Amino acid sequence: MHLSRKQTILIVSLASVAALLLIGLLLFLTVFRKSDPIPAEPSLPPATATPLPSDTPSPSPAPTETPTPTPYYLPLVPEGAATTPSPLPATPAASPSQTPADTPEAAGVPPRDGEYNDKIKEFMAIGTQNGEAIAVLLVRVKPPEATVVAIPCETQTTVYTLAKGAKITGTETAPISLATARAESAREGCWNLIWAVKNLTGYRAPAYLCVDFSCMEAFFSFAPKLPADSGEIDLDAFLHILGESEPDRARDMAHFGVGVVRLLGRVSLWDLPAFRSATRGAFSSSLSVYELLKLMGDFKKVDAFTVAVLPTECKNGVRVLSDAAVLPF
């Protein structure tokens, strides 16, 4: 069969389009299922070497006061572990093999990794404003129940300072809210917050969802009212929450998060473009698109949300976790 020139061009064009569509589909499926795993903390910077003694005596420097590191505590431990909090230095003792991951174990408080599988999904929900985390929620979803635990953002813990590539260049005792601001990128700031919460509680979240609150005005134009346990929440109510003091803000942020989840459980596919437009550039996650869709499916199966706030107290002018604080999961 002899094909005309036009027929040949048409067939070649259709074949090219089909090949491009196939390649695009494969790329989409790769991204669709690709997660962004949270790495383990990198090693602390090596300690400065102590100079060897010299035969030539040198004048003694004037005495200076050596600052005492501020202790912090790990009062929050998994069930079955020792419940007596152990003080740790804000800057771990220098050791060539030491990593931040070793710190809780050195205190007798083994860290516990969260779960994310077909039956149980645990993650950290983060809300940021001007680079700082002002909402930190630990979420556990096991249909038909879900638990949301809010951590007051003024709570003190060990926070790392990250350089480019998430390299740890220093540590400080600071509110956990500063962890997201002590990094070169928003993504690494979320990692830093997960590590800071682990330093505080011994619990390491396996994934995160982060929203910058700069998108809230556009978001409420898409969803004027959000159902929550304390009633509907609108933009004015949300702005009021931002001005609250801890732990009230932590509690109301948790209820707000529940309202968002219940809303998303009813979002139709044709509404998603409006939602994406409202949160464009303000939403990030370590979960793949595939995992996010499965998570939304699990939320639709939830009948009961339990909302709690980790108890804190002010000691010497700073907010710390109460000694009796425990995670409910």
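Only the coordinates and a few stated rules stand behind these numbers; no lab work does. Note that this is a predicted model, so its numbers are computed, not measured. Note that each Cβ is placed from the backbone with ideal geometry, even for glycine, and that neighbours are counted across all protein chains shown.
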Starting from the Cα coordinates of region 210-329, work out the convex hull volume and express it per residue in Å³.
-> 139 Å³
Could you list which residues have their amide H under 5 Å from that of T306, counting only those 5 or more apart in sequence or on another chain, with H placed in the peptide plane?
-> A146, T147, V148
Backbone HN-Hα couplings from phi across region 231-242 [Karplus 6.51/-1.76/1.60, Hz, Gly and Pro as x] = x, 5, 10, 10, 4, 4, 5, 5, 4, 5, 4, 4
Which far-off residues, 5 or more places away or on another chain, put their amide H under 5 Å from the one on I134, with H placed in the peptide plane?
-> G127, T128, Q129
Segment V289-E232, length gained on full extension (0.36 nm per residue, minus Cα span) = 17.7 nm
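Taking every pair of alpha-carbon atoms in region 118-329, give the share separated by more than 31 Å as a whole percent.
Numbers: 3448 of 22366 pairs.
Result for the distance tail: 15 percent.
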Table column - 3J(HN,Hα) (Hz), region 299-312, Karplus curve with 6.51, -1.76, 1.60, x for Gly and Pro = 5, 5, 8, 7, 9, 9, 9, 10, 10, 9, 10, 4, x, 10
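Determine the alpha carbon to alpha carbon distance for each of K121/K294; K34/K294; K198/K300; K119/K300; K119/K225 and list only those over 22 Å. Please report the intermediate quantities before stating the final value.
On the way: K121/K294 10 Å; K34/K294 14 Å; K198/K300 29 Å; K119/K300 14 Å; K119/K225 31 Å.
With Cα atoms farther than 22 Å apart: K198/K300; K119/K225.
Which value, in debye to the nearest 20, describes the size of the charge dipole of region 181-328 about its Cα centre when Lys and Arg Cβ atoms bear +1, Asp and Glu Cβ atoms bear -1, and nothing else is charged?
Values: 16 positive and 18 negative charges, 100 e Å.
Dipole of region 181-328, to the nearest 20 debye: 480 debye.
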Could you give me the ³J(HN,Hα) list for region 272-289, computed from phi with Karplus coefficients 6.51, -1.76, 1.60 and θ = phi - 60°, whole Hz, x at Gly and Pro?
-> 4, x, 5, 5, 5, 5, 5, 10, 4, x, 10, 10, 9, 7, 8, 8, 6, 4
Selection from V261, C215, W191 lying farthest towards where the dipole of region 189-263 points positive, charges on Cβ | W191
